[in-house]
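The values are calculated or read from the model by the stated rules, or taken from the named source; none is laboratory data. Model, not experiment: these values are computed from the prediction. Positions of Cβ are backbone-derived with ideal geometry, glycine not excepted, and every protein chain shown enters the neighbour counts.
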Amino acid sequence: MKPWLLQIFTWWNGQTIGTRFHTWRFGKRVGEDERGNVYYQSADGKRRWVIYAGEAEASQIGPGWHGWMHHRVDTPPVDENYKPRDWQKPHVPNQTGTRFAYRPKGSLLNTAERPRVTGDYDAWTP
């Protein structure tokens, strides 16, 4: 019962009833990524969309699927034999607004002391 209520009253959590109906009627499942997001495209291949596993946050789409979603590549990552290189880092979603967000020294949210000014800076005066 709870998933149906979430689909009726929230748009940011997975999919709405309208999206579910549209996907059922017109969508062709293409694949799923490691986070559980499911990717679809229309029968003619012109429209592509994703049903998020949880909160709808675009930064949860990895680089391979991002290229496919934006029509930069025609082959979805599930149909490729792509292996990441040793120097490539794994995809990390946007951390803004979480406790993992970057907070430099001197930020109001960082308790570390701000570095002292060295005196090599002259303020601009008109």
* **From Lys28, Lys46, Lys89, Lys83, residue being among the basic types (Lys, Arg), touching a strand residue (DSSP E or B) at 6+ places or on another chain (Cβ under 7 Å) and without any contact (Cβ under 8 Å) to a residue 40 or more places away in the chain** => Lys28
* Residue list for the range 51-65, filter: farther than 16 Å from Thr98 by Cα and surrounded by 16 or more Cβ atoms within 10 Å (Cβ to Cβ) -> Ile51, Tyr52, Ile61, Gly62, Gly64, Trp65
* **Top-ranked residue in the range 97-124 [being surrounded by 10 or more Cβ atoms within 10 Å (Cβ to Cβ), modelled with pLDDT under 80 and basic (Lys, Arg); ranked as nearest to Glu57 (Cα to Cα)]** => Lys105
* Of everything in the range 13-40 that's among the basic types (Lys, Arg) and more than 15 Å from the chain's Cα centre (by Cα), which residue is surrounded by the most Cβ atoms within 10 Å (Cβ to Cβ)? -> Arg20
* Asked: Of the residues in the range 17-31, how many are of a type outside the set (Gly, Ala, Ser) and over 17 Å from Met69 (Cβ atoms)?
  -> 5
* Asked: Got a sec? Which of His66, His71, His91 is within 23 Å of Thr19 (Cα to Cα) and either in a loop (DSSP other than H, G, I, E, B) or among the aliphatic types (A, V, I, L, M) (or both)?
  -> His71
* **Positions within the range 74-96 being loosely packed, with under 10 Cβ neighbours inside 10 Å, under 30 Å from Asp44 (Cβ atoms) and of a type in the set (D, E, K, R), in sequence order** => Asp74
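Among the residues of the range 1-47, write down those that are in a loop (DSSP other than H, G, I, E, B) and modelled with pLDDT under 80.
Met1, Thr10, Trp11, Trp12, Gly14, Gln15, Thr16
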* Asked: Going by the conditions given, is Ala53 under 20 Å from Pro93 (Cβ atoms), at pLDDT 85 or above, assigned to a loop (DSSP other than H, G, I, E, B) and of a type in the set (A, V, I, L, M)?
  -> yes
* Structure fact -> Over the range 53-71, the set of residues touching a Phe, Trp or Tyr at 6+ places or on another chain (Cβ under 9 Å) and not aliphatic (A, V, I, L, M) is Glu55, Glu57, Gln60, Gly64, Trp65, Trp68
* **Single unsatisfied condition, Val92 versus (1) β-branched (Val, Ile, Thr); (2) within 16 Å of the chain's Cα centre (by Cα); (3) farther than 30 Å from Asp33 by Cβ** => (3)
